[in-house]
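The values are calculated or read from the model by the stated rules, or taken from the named source; none is laboratory data. Nothing here was measured: the structure is a model prediction, and the numbers come from that model. Counting neighbours? That spans all protein chains shown, and the Cβs are built from the backbone with ideal geometry, glycine included. What goes into the accessible areas is simple: the full protein's heavy atoms, side chains included, and nothing from ligands, DNA or RNA. Shrake-Rupley method; radii C 1.70, N 1.55, O 1.52, S 1.80 Å.
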Amino acid sequence: IDENAALADEIRALAPEAGSTMFLMTSGGKVSTYGPGSRYGYLFDDLGFEPAVTGGDSSSSHGQEISFEFIAEQNPSSLLVIDRDATIGESGQAAQALLDNALVGSTDAWKNERVAYLDGVDWYFVGGGLDTTKRMLEELRAVVE
């Protein structure tokens, strides 16, 4: 527990360096985002990441569906991505391929290679156990370092 708390403190100190951050989940060729108060809101609410998007529906466990144009308009500095299809064993276009387009490519996140593909099992299925939380925090630390 102390190690996770120390990792969280380290991330809080470094999170501002990530700039505006958008948390995305891809599934079935679609993209959803999560912001403060959502299923993954602790990134913003507790760990101090600056949300690229505020408002929207935080009650849906599957986020708010968005377009590539929306991502480009918001121009996040960092993207955190879960590939739901790969996580649940569905066939479909991989998140990396889905997001590799001119609109997402125009964002600061893409240009500056600040796109992190997170472990879907830890983030989507398990989330919350001590070992899982440690791995999740370590992934986030790699994003902000």
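Gly37 fulfils the conditions (1) outside any loop (DSSP other than H, G, I, E, B); (2) open to solvent by 20 Å² or more (accessible area, probe 1.4 Å); (3) within 30 Å of Ala5 (Cβ to Cβ) except for a single criterion, (1).
Residues of region 85-99 that are part of a loop (DSSP other than H, G, I, E, B) and either modelled with pLDDT of 95 or more or hydroxyl-bearing (Ser, Thr, Tyr) (or both): Ser91 alone. Of all residue pairs spaced 6 or more apart or on separate chains, those with beta-carbon atoms under 7 Å, a first member in region 93-109 that is closer than 11 Å to Asp83 by Cα and a second member that is modelled with pLDDT under 95 and among the small types (Gly, Ala, Ser) are Gln93/Gly29; Ala94/Ala86; Leu98/Gly29.
Taken as a whole, region 70-84 holds no residue that is assigned to a helix (DSSP H, G or I), crowded, with 17+ Cβ neighbours inside 10 Å and among the hydroxyl-bearing types (Ser, Thr, Tyr).
Taken residue by residue, region 46-68 has no member that is open to solvent by less than 40 Å² (accessible area, probe 1.4 Å) and part of a helix (DSSP H, G or I). Each residue in region 2-24 was checked for being open to solvent by less than 10 Å² (accessible area, probe 1.4 Å) and assigned to a strand (DSSP E or B), and 4 pass. A search for C-beta distances below 8 Å between a residue of region 10-29 that is at positive phi and any residue that is of a type outside the set (D, E, K, R), counting only pairs 6+ apart in sequence or on different chains, returns Gly19/Pro76; Gly19/Ser77; Gly19/Ser78; Gly28/Gly92; Gly29/Gly92; Gly29/Gln93; Gly29/Leu98.
Among the residues of region 119-134, the ones that are surrounded by fewer than 15 Cβ atoms within 10 Å (Cβ to Cβ) and in a loop (DSSP other than H, G, I, E, B) come to 3 in all. Among all residues of region 105-118, there is none that is out of contact with any strand residue (DSSP E or B) (no Cβ under 8 Å at 6 or more places or on another chain), hydrophobic (A, V, I, L, M, F, W, C) and part of a helix (DSSP H, G or I).
If I ask for residues that are within 24 Å of Asp85 (Cα to Cα) and touching a helix residue (DSSP H, G or I) at 6+ places or on another chain (Cβ under 9 Å), which ones from region 38-51 would you list? Before you say what the answer is, go through the steps one by one.
Here is the first cut: in region 38-51, the residues within 24 Å of Asp85 (Cα to Cα) are 38-43.
Residues satisfying the conditions are Ser38, Tyr40, Leu43.
Filtered by the rule that a residue be of a type in the set (Lys, Arg) and either surrounded by fewer than 17 Cβ atoms within 10 Å (Cβ to Cβ) or more than 16 Å from the chain's Cα centre (by Cα) (or both), region 103-118 gives a lone residue, Lys111.
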